[in-house]
Amino acid sequence: IQTTLTPTELLECLLRIEHEHGRVRSVLNAPRPLDLDILIVDDLIIQNPILTLPHPRMHQRRFVLEPLAEIAPQLR
């Protein structure tokens, strides 16, 4: 997506959307009705208590990598 939001502002919006769709953060990796993640933002590297970019486990998830390769084949 394209946005004028900062990565932290975008994360806040995504968390709000998840909450509005019934997501409750009870335990790590609990089943959830909706899971919205920020994978990458330009060439930013961020690591703080609320946000890590690029997504730290993105490279381990085929269900992330395959669609990402389709929409951004030049991405490395």
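Brief remarks on what is shown
- Answer label for Cα Rg over 2.2 N^0.38 Å (calculated), chosen among [x] 1.44; [y] 1.16; [z] 1.11: [y]
- In plain terms, the chain from Arg62 to Asp37 could stretch by 7.5 nm, reckoned as 0.36 nm per residue minus the Cα-Cα distance.
- Angle between the chain longest axis and helix 62-71 axis [Cα atoms, degrees, rounded to 10]: 50
- Average accessible surface for the chain: 84 Å² per residue, computed with a 1.4 Å probe over protein heavy atoms with every protein chain in place.
- At full extension, Thr6 and Ala72 could sit 21.7 nm farther apart than now, given 0.36 nm per residue minus the alpha carbon distance.
- Portion, in percent, of the accessible area of the chain that falls on carbon or sulfur, probe 1.4 Å: 56
The values are calculated or read from the model by the stated rules, or taken from the named source; none is laboratory data. Worth saying up front: this structure is predicted, and the values here are computed from it rather than measured. These area figures cover heavy atoms from the full protein model, side chains too; ligands, DNA and RNA do not enter into them. Shrake-Rupley method; radii C 1.70, N 1.55, O 1.52, S 1.80 Å.
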